[in-house]
1. Please list, ordered by residue number, the strands (runs of 3 or more DSSP E) wholly in the range 36-110 having 2 or more residues that are on the phi < 0 side of the Ramachandran plot and surrounded by fewer than 17 Cβ atoms within 10 Å (Cβ to Cβ).
2. If you take the residues in the range 39-96 that are hydroxyl-bearing (Ser, Thr, Tyr) and within 15 Å of the chain's Cα centre (by Cα), which one is farthest from residue 19 (Cα to Cα)?
3. Does at least one position in the range 19-31 carry a residue that is over 18 Å from residue 114 (Cβ atoms) and surrounded by fewer than 19 Cβ atoms within 10 Å (Cβ to Cβ)?
4. Could you list all residues from the range 24-35 that are over 23 Å from residue 74 (Cα atoms) and not in a helix (DSSP H, G or I)?
5. Output the qualifying pairs, or none if there are none: Cβ atoms under 6 angstrom, residues six or more apart or on different chains, first residue in the range 19-38 and among the aromatic types (Phe, Trp, Tyr), second residue assigned to a strand (DSSP E or B).
6. Is it the case that residue 21 is touching a helix residue (DSSP H, G or I) at 6+ places or on another chain (Cβ under 8 Å) and assigned to a helix (DSSP H, G or I)?
7. From the list 82, 113, pick out the single residue that is in contact (Cβ under 8 Å) with a residue 24 or more places away in the chain and of a type in the set (Gly, Ala, Ser).
8. Take residue 35 and tell me if it is over 17 Å from residue 106 (Cα atoms), modelled with pLDDT of 90 or more, under 12 Å from the mean Cα position of the chain (by Cα) and of a type in the set (Val, Ile, Thr).
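The values are calculated or read from the model by the stated rules, or taken from the named source; none is laboratory data. Keep in mind that this is a model prediction, so the values were computed, not measured. With ideal geometry, Cβ positions are generated from the backbone for all residues, glycine too; neighbour counts draw on all protein chains shown.
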Amino acid sequence: MVKKTPKSILVVEDDTALSEAYKLVLDHAGYTTRIATSGIDALKAIEQDEPDIILLDIRMPVMDGIAFLKAYQPNNRPNPASVIVFSNYDMQQEVDEVYQLGAERYVLKAWASPSELVKLINGTATS
């Protein structure tokens, strides 16, 4: 059996404790994980090395998740990263907008434990 190379994940989250927790869980699950604390930092990180998956917070200072999606434009890229929006807010207009902008999933942070996060990422990585 040939072992697959772990997928790379960019966690875009302004809460340092939360982003470090995500990184710890995802690294332990075999992923290569980087952190960006704003949409601007995420765009810079993507210029250097585009990840396979972006775990994106919506509410961030400097450049929020929606502004990031508008700049990143996954719908217009030949091989875009899968974008999973992870938010504390369940606002239908926001959910609709991120899907229109190319996000693959919208998940409430409060409903996803670390093990559920890994299952979600594993499902995205294999699709």
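1. Of the strands (runs of 3 or more DSSP E) lying wholly inside the range 36-110, those with at least 2 residues that are on the phi < 0 side of the Ramachandran plot and surrounded by fewer than 17 Cβ atoms within 10 Å (Cβ to Cβ) span 105-108.
2. Going residue by residue through the range 39-96, those that are hydroxyl-bearing (Ser, Thr, Tyr) are 72, 82, 87, 89.
Filter again for within 15 Å of the chain's Cα centre (by Cα), leaving 72, 82, 87.
Working: 72: 20, 82: 18, 87: 13 Å.
Checked the range 39-96; the qualifying residue farthest from residue 19 (Cα to Cα) is 72.
3. There is no residue in the range 19-31 that is over 18 Å from residue 114 (Cβ atoms) and surrounded by fewer than 19 Cβ atoms within 10 Å (Cβ to Cβ).
4. Passing the criteria: 29, 30.
5. 22/11; 31/9
6. Details: touching a helix residue (DSSP H, G or I) at 6+ places or on another chain (Cβ under 8 Å): yes; assigned to a helix (DSSP H, G or I): yes.
Yes; evaluated as a whole, the condition is true for this residue.
7. Working: 113 fails: in contact (Cβ under 8 Å) with a residue 24 or more places away in the chain.
The unique qualifying residue is 82.
8. It is true that residue 35 is over 17 Å from residue 106 (Cα atoms), modelled with pLDDT of 90 or more, under 12 Å from the mean Cα position of the chain (by Cα) and of a type in the set (Val, Ile, Thr).
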